[in-house]
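I have placed the structure first, in the form of structure tokens, so that the comments after it can refer back to it.
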Amino acid sequence: MQVTETLSDGLKRGFTVVVPEPELAAKREQRLAELSKTIQMPGFRPGKVPLNIVRKRYGDAVAAEVLEGAVNEAHSQLLNERNLRPAMQPKLEITKPGKGSDLEFTVEMEVLPEVSLPDLSDVILSKPVAAVSEVKLDEALKAVAEQRKSFKPVEEARPAAKDEQLKVDFVGRIDGVAFEGGTAQDVALIVDGPGFIPGFTEQVEGMKVGETKIITVTFPDDYGAKDLAGKTAEFEITAKELAVPEVPAIDDELGKAVGLEGLEQLKERVKEQIGREHEGMTRAKLKRALLDVLAEKAQFNAPVSLVDAEFGAIWTQVEAEKQAGQADPEDEGKDEETLKAEYRAIADRRVRLGLLVAEIGRANEVQVTEQEMQRAMFNEAMRYGAQAMQVVEFFRKNPQQMERFRGPIFEDKVIDHLLGLVKQEEVQVSAEELAKDPEE
């Protein structure tokens, strides 16, 4: 194999690779000889098919197989011998086909930059910590009680008020025609509460048991049933039963109701839960601060191809959010050229950070275990509630989809490793300050 470097500009590399014809011919003959020992043809004993007949029948297929193998082998050898790490899939182009002549192909690529491990010995991170206040504890206990509230039927005939439960029957119609999924009986809804089409529960306020009322609502443009999205419907509603919420007292009985010994143990569990939430927010802020430090130390050029790919993903999301009316308020009033420059800078930062984190992880032999991948998969599945087992089954049938978890796990492990090395100074803050987004 002969290699000639044709391009060396920044991170760009180019080569011309030549594999001599005699080497290709030898590989073709070797492959044909192997075939002659294994193929079966009428009129010949197994393994006794003459080589000239094998060549005539399989010569073209073998030549193509040898050519592909020679390109792959030469390409791998080039990368290994020159210690090249492509940023993305190299571009290969065959310039001489290797049929009766040498095989010649060109390789062009961007390589990953040399990344030096940063010195973090002088880094001091501010570690915000917040104690669990009595106010937060009381709020959480009230939330526990609220989750276990029940509804007591109202005997008197009176209008339904906000936050009360009204059991109704309804029939929905569009242009006078009932539509699929628009009819139901004995539906318990919260007056002026969430969970229905916007404007639905608000309009049942004031209804009395036995009363029938027709309301008009418009389905959101992004409604799940596409045939109903954006359409206006009338609902004929009949009120059947009114009930008022009864929230249990915050006492020992509440603690026992959730499977604990009493109120004191409930307080301990709730306090531990809030503490874990605080720890998560503290770590998130430490991680952000550390990544800011790493970004400052990642002073190397990122491969343009990686930045282009990252920017493309970001810009696609930006345009999708704009179409959905959810654009970032900070982008308002900026022209497209300015926005693209800002988001390209973000893409460049992400790529440099990713390369630095990857190099730190490689140097410190950070590995993602199978158990960690499985745990991440189950955590993802739990987000889907009743469909959790279906999600688990999907990943089992499509194991390649599990790879989406590897990057975030690897990054978290590298961050944990670095947080164990840098100095941290605790700063007491309020729970509200801890929860506040630093961008606000």
Going by what's in this entry, would LYS48 be described as touching a residue at least 24 places away in the same chain (Cβ under 8 Å), farther than 30 Å from VAL304 by Cα, open to solvent by 70 Å² or more (accessible area, probe 1.4 Å) and not in a helix (DSSP H, G or I)? no
Could we say that SER76 is open to solvent by 70 Å² or more (accessible area, probe 1.4 Å), under 49 Å from the mean Cα position of the chain (by Cα), modelled with pLDDT of 90 or more and among the polar types (S, T, N, Q) here? no
When you scan segment 141-200, how many residues do you find that are open to solvent by less than 30 Å² (accessible area, probe 1.4 Å), assigned to a loop (DSSP other than H, G, I, E, B) and either in contact with a Gly (Cβ under 6 Å, 6 or more places away or on another chain) or under 23 Å from PRO220 (Cα atoms) (or both)? 5
Within segment 231-285, the residues that are surrounded by 14 or more Cβ atoms within 10 Å (Cβ to Cβ), under 37 Å from the mean Cα position of the chain (by Cα) and either assigned to a strand (DSSP E or B) or of a type in the set (Gly, Ala, Ser) (or both) are ALA233
Is it the case, given these coordinates, that ALA25 is of a type in the set (A, V, I, L, M, F, W, C) and open to solvent by less than 50 Å² (accessible area, probe 1.4 Å)? yes
Here are the criteria: (1) in a strand (DSSP E or B); (2) over 17 Å from THR16 (Cβ atoms); (3) acidic (Asp, Glu). Tell me which single one GLU65 does not satisfy. (1)
Kindly indicate whether PHE300 is surrounded by fewer than 17 Cβ atoms within 10 Å (Cβ to Cβ), in contact (Cβ under 8 Å) with a residue 12 or more places away in the chain, on the phi < 0 side of the Ramachandran plot and among the aromatic types (Phe, Trp, Tyr). yes
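Scan segment 52-73 for residues that are of a type outside the set (A, V, I, L, M, F, W, C) and surrounded by 13 or more Cβ atoms within 10 Å (Cβ to Cβ) and report the count.
So the answer is 7.
The values are calculated or read from the model by the stated rules, or taken from the named source; none is laboratory data. Everything quoted here is computed from the prediction, not taken from an experiment. Heads up, the Cβs are rebuilt from the backbone with ideal geometry, glycines too, and the neighbour counts pull from every protein chain shown. For accessibility, only protein heavy atoms count, side chains too; no ligands or nucleic acids. Shrake-Rupley method; radii C 1.70, N 1.55, O 1.52, S 1.80 Å.
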